[in-house]
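K.L.:
Dropping a structure here in structure tokens format, bear with me for questions.
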Amino acid sequence: MSRVYNFSAGPAVLPEEVLKEAAEEMLDYKGTGMSVMEMSHRSKAFQDIIDEAEQDIRDLMNIPDNYKVLFLQGGASQQFAMIPMNLKKNGVADYIVTGQWAKKAYQEAGKYIKANKVASSEDKTFSYIPDCSDLPISEDADYVYICENNTIYGTKYKTLPNTKGKVLVSDVSSCFLSEPIDVSKYGIVYGGVQKNVGPAGLVISIIREDLIPTEELPEVPTMLQFKTHADAGSLYNTPNTYAIYICGKVFKWLKKQGGLEAMKARNEEKAKILYDFLDESKLFKGTVAKEDRSLMNVPFVTGDKDLDAKFVAEATAAGLVNLKGHRTVGGMRASIYNAMPIEGVKALVEFMKDFEAKNA
Ligand SMILES: *Cc1c(COP(=O)(O)O)cnc(C)c1O
């Protein structure tokens, strides 16, 4: 067996310890004689798995008691619709468009409510985070929406926008559990787990209770109502049981690493290795405004398409895989999520140095 260093933006690298544990439990989960995949979501064994997973993410993120933690399907993209459908009171919301995911969320919301684009960084290929200290927030906005870490472009909000008292909704898919956050500053904070937490097909939505409609919404499909899932403890229908199980293991792994403060320090250390090299390199350049750089997704280019392609091919052959950048940015992108060991980042930088020396 040989594992590569996988720099994929998502689905992405998972902690090796977690994969090994899951492998050990594949045929017989804790004496049940079956895999978690084969077990009823109504069984006690699974109820324990989801309860523990919820408690562990509550501990890790210090989630206040007046927030629900929902384990939902449909990925992050389904939240693009569920959020406007469920939070609609005045039917107005403000969107800050800092990348493709924010743009998709904005466009989707426009089907159900009046969505206003109050700021954007599209003028410079989303390579920065706009000044959000004094935006023209709508008087009647039900919420203000951001995508906190822009997976494709590699930018991250270092301070949250001034929402002028309006509810903040944040997509944290690609920075989920990468550092501590103050959940009480958000109305909803949610993420598709396949970037930084677990397997694809599960989204965790952390929602302040007063934002969950207390009555059924007659015009919204049952499965798209937060109330449905909140009332049923995320077990209204069969959830993505295996993904919840793996996420639970990742939460325990994160606790063992020292929690989110420790992850933040590690992520800063890893990102610094790569950014320091990009800043001194004559061949490779980062594509993002320095002050807005993500700790998770690091796009870079040589400025020469053919050389970029050569780099990606040679890196792949050396066991450094999935470095090709998103088609709208070109070049390369290294996603260095929680589970990417520091050795992987060091190996990448060594490889880049070597490539630079040979191709200068
Ligand atoms: C990947 C990604 C999404 C889309 O996730 P799906 O689970 O595929 O719907 C949304 N937002 C961000 C920030 C992402 O990185």
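Yes/no per residue for (1) free of Cβ contacts under 8 Å to residues at least 40 places away in the same chain; (2) within 27 Å of Leu19 (Cβ to Cβ); (3) within 19 Å of the chain's Cα centre (by Cα):
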{"site": "Leu260", "(1), (2), (3)": "no, yes, yes"}
{"site": "Met296", "(1), (2), (3)": "no, yes, yes"}
{"site": "Asp304", "(1), (2), (3)": "yes, no, no"}
{"site": "Val321", "(1), (2), (3)": "no, yes, no"}
{"site": "Thr328", "(1), (2), (3)": "no, no, no"}
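K.L.:
Which residues, taken from segment 275-303, are open to solvent by less than 20 Å² (accessible area, probe 1.4 Å), part of a loop (DSSP other than H, G, I, E, B) and of a type outside the set (A, V, I, L, M)?
P.N.:
Ser281, Phe284, Ser294, listed by residue number.
K.L.:
Is there a residue in segment 38-58 that is closer than 18 Å to Val144 by Cβ, of a type in the set (A, V, I, L, M, F, W, C) and out of contact with any strand residue (DSSP E or B) (no Cβ under 6 Å at 6 or more places or on another chain)? Walk me through how you get there before you give the answer.
P.N.:
Initial filter on segment 38-58 (closer than 18 Å to Val144 by Cβ): none.
No, segment 38-58 has no match at all.
K.L.:
Moving on to the next point. Would you call Tyr128 more than 30 Å from Leu235 (Cα to Cα), within 16 Å of the chain's Cα centre (by Cα), modelled with pLDDT of 95 or more and not in a strand (DSSP E or B)?
P.N.:
no
K.L.:
Let me ask you something else. Just checking, how many residues over segment 97-124 are assigned to a helix (DSSP H, G or I), among the polar types (S, T, N, Q) and within 15 Å of Asn150 (Cα to Cα)?
P.N.:
Qualifying residue count, segment 97-124: 1.
K.L.:
From the set of residues in segment 83-100 that are over 28 Å from Lys158 (Cβ atoms) and in contact with a Leu (Cβ under 9 Å, 6 or more places away or on another chain), which is least open to solvent (accessible area, probe 1.4 Å)? It would help to see each step written out before you state the result.
P.N.:
Within segment 83-100, the subset over 28 Å from Lys158 (Cβ atoms) is 85-86, 88-91.
Next, only the ones that are in contact with a Leu (Cβ under 9 Å, 6 or more places away or on another chain) stay: 85-86, 88.
Values: Met85: 31, Asn86: 9, Lys88: 101 Å².
For segment 83-100, the residue satisfying everything is Asn86.
K.L.:
Is it fair to say Gly165 is within 20 Å of Lys264 (Cα to Cα) and not charged (D, E, K, R)?
P.N.:
Judged against the criteria, Gly165 is not a match.
K.L.:
For segment 78-91, how many residues meet the condition of being near the ligand (Cβ under 10 Å from one of its atoms) and touching a residue at least 60 places away in the same chain (Cβ under 8 Å)?
P.N.:
Number of matching residues: 2.
K.L.:
Considering segment 304-328 alone, what residues qualify as being in contact with a Lys or Arg (Cβ under 8 Å, 6 or more places away or on another chain) and either outside any loop (DSSP other than H, G, I, E, B) or open to solvent by less than 20 Å² (accessible area, probe 1.4 Å) (or both)?
P.N.:
Selection gives Val312, Leu323, Lys324, Gly325.
The values are calculated or read from the model by the stated rules, or taken from the named source; none is laboratory data. All values reported here derive from a predicted model rather than from experimental measurement. Backbone-built Cβ (ideal geometry, glycine too); neighbour counts: all protein chains shown. Heads up: the accessible areas ignore ligands, DNA and RNA and are worked out on the full protein's heavy atoms, side chains in. Shrake-Rupley method; radii C 1.70, N 1.55, O 1.52, S 1.80 Å.
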